[in-house]
Amino acid sequence: MTYSEREPDENQTISEVFILVGFSYLTRLQILLFLVFLVIYLVTLVGNLLTILLIKLNPSLHTPMYFFLLNLSFLEICYTSSVVPQLLAHLLVEQKTLSIEGCAAQMYIFTIMGLTECCLLAAMAYDRYIAICNPLHYRTIMSGQVCAQLVGASWTIGILVEVAQTTWIFSLPFCGSNRIHHFFCDIPPVIKRACTDTSKNQIVVLALSVLFIMSPFLLIILSYICIISTILKLPSVEGRRKAFSTCSSHLMVVTLFYGTALFTYLRPKSISTPEGDQLISLMYTVVTPVLNPIIYTLRNKEVKGAFRKTIGKSISSHNQRN
C-alpha cells in the first residue's frame with residue numbers, strides 16, 4: 001500500500017500504517033542527524049550499562065540510593081530504546097511508516113517507562129529525605145524490603161495506568177490523514193488522528209498527567225523542602241555542603257526530566273508547533289537518558305572510586321593470567 005503526499009479524505013479510515021513525518025523537513029541533514037543520534041544512543045547504552053555493572057560488582061554501592069539508581073539506569077535504557085532505534089531507521093529511508101500495531105507497542109513501552117520513572121524519582125527523593133532528615137533510623141526505614149516495595153509500586157503504577165490509557169487510545173477509530181507530525185508515537189499527535197470527538201479523551205489524558213505525573217512531582221518538592229530546611233539548620237558549612245552534594249545529582253535529573261515532560265504535556269495548545277514539540281521531545285527521549293549516568297558518575301566520588309577499583313581489579317586479574 002503506497003501513500004501520496006496529499007492529505008486523504010477525512011472519512012478515509014486508517015487501517016494499516018501511520019507515516020511518522022519526523023525530521024523529513026530537514027532533508028539535507030538526515031545522515032548528519034542519524035550519526036549524531038546514533039552516537040548519543042550508544043553513549044546512553046554504554047553509560048547506563050556501566051552504571052548497572054558498577055553497582056552490581058561493588059559491595060560498597062549496595063545501598064538503597066544505588067539500588068534505585070540501578071533501576072533508573074535500566075529504565076533509561078528501555079525508555080530511550082523504545083524510540084531511538086526506530087528514529088534512526090526512519091532517518092535512512094524515504095517511507096517513514098509504522099504499523100498501527102507497532103505504534104501501539106511503542107506507546108505502551110514508552111509511556112510505561114516514563115510513568116514508572118516519574119514514580120521512581122519520587123521514591124529516590126523519599127530516600128534522600130530519610131537519609132538527611134532522619135539519618136539515625138535510615139537503615140531501619142530504608143530496608144531492602146522497603147526499597148523493593150517502592151520499586152515494585154513504581155512499576156505497578158506505570159504498567160496499570162499506561163496499559164489502560166494506551167489500550168483506550170488505540171480503541172479509537174483513526175481516519176483522515178495517516179501522517180503524524182512527530183518522530184515517534186507520542187500521545188498528543190496520535191490522538192489528533194482519531195476521527196471522533198476526542199475532547200473528553202484529551203481531558204482524561206490531562207487528568208491522568210496531572211494525577212500521575214504531578215503527584216510524584218509534588219512529593220519530590222515536599223521532600224526537598226524538608227531536605228533544604230534540614231540542611232540550612234546544620235551548624236557547619238562543610239556539613240551543609242556534604243548533605244547537599246548527596247542529593248544534588250538527583251535534583252538535576254528531576255529538573256531535566258520533569259522540566260521537559262511538564263512543558264510538553266501541560267502547556268497550552270496555542271503555543272504548540274510540530275517542530276517545537278519534536279525538539280522538546282528530543283530532550284526527554286534522547287538527551288536526558290545520556291546525561292543521567294554522566295551526572296551520577298562525574299559528580300559522585302563513590303561511583304568514581306568504585307570505577308577505579310573495578311578497573312584496577314580487571315588490570316590485576318589480566319596481569320596474573322599473563
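The values are calculated or read from the model by the stated rules, or taken from the named source; none is laboratory data. Since this is a predicted model, take the numbers as computed values, not measurements. With ideal geometry, Cβ positions are generated from the backbone for all residues, glycine too; neighbour counts draw on all protein chains shown. Calculation scope for accessible area: heavy atoms of the full protein, side chains included, ligands and nucleic acids excluded. Shrake-Rupley method; radii C 1.70, N 1.55, O 1.52, S 1.80 Å.
A compact table of results
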read-out	value
Theoretical ellipticity at 222 nm over the chain - DSSP helices of four or more residues, -39500 (n - 2.57) apiece, nearest 500	-23000 deg cm²/dmol
Stretchable slack from residue 294 to residue 42, in nm (0.36 nm times residue separation minus alpha-carbon distance)	89.4 nm
Total formal charge among the other residues, if their Cβ is under 13 angstrom from that of residue 154, Lys/Arg +1 and Asp/Glu -1	-3
Globularity ratio of segment 72-118, using Cα Rg and 2.2 N^0.38 Å	1.24
Over 25 Å (Cα to Cα) - which of 96/200; 242/313; 56/313; 233/304; 56/309 fall in this group	96/200; 242/313; 233/304
Extension gain (nm, one decimal) between residue 56 and residue 309, 0.36 nm per residue minus Cα-Cα	89.8 nm
Residue-normalised accessible area of segment 188-229, given per residue in Å² at a 1.4 Å probe	54 Å²
Apportionment of accessible area to carbon and sulfur, the chain, percent (1.4 Å)	68 percent
Charge-dipole axis of the chain as Lys and Arg at +1 and Asp and Glu at -1 on Cβ define it, positive-most pick from 229, 208, 18	229
Dipole magnitude of the chain, debye to nearest 20 (Cβ charges: Lys/Arg +1, Asp/Glu -1, about Cα centre)	1660 debye
Å² per residue, accessible surface of segment 101-163 at 1.4 Å	42 Å²
Relative contact order, percent, the chain [alpha-carbon distance under 8 Å, six or more residues apart]	28 percent
Cα shape, segment 142-238, gyration tensor, a/c 1.5 rule	prolate
The chain: Cys lacking any partner C-beta under 4.7 angstrom	78, 118, 119, 133, 147, 226, 247
Relative pair counts by distance (%), Cα atoms of segment 61-147, 5 Å bins	3, 12, 18, 17, 12, 10, 9, 7, 6, 4, 2, 1, 0
Label-point separation in nm, residue 105 to residue 164, each point 7 Å along Cα→Cβ	2.6 nm
Residues residue 238 and residue 145, FRET efficiency given R0 of 35 Å [Cβ-Cβ distance, rounded to 0.05]	0.55
Given (i) 66, 46, 37; (ii) 82, 39, 37; (iii) 69, 54, 33, the label whose value is Cα extents along the principal axes in Å derived from this model	(iii)
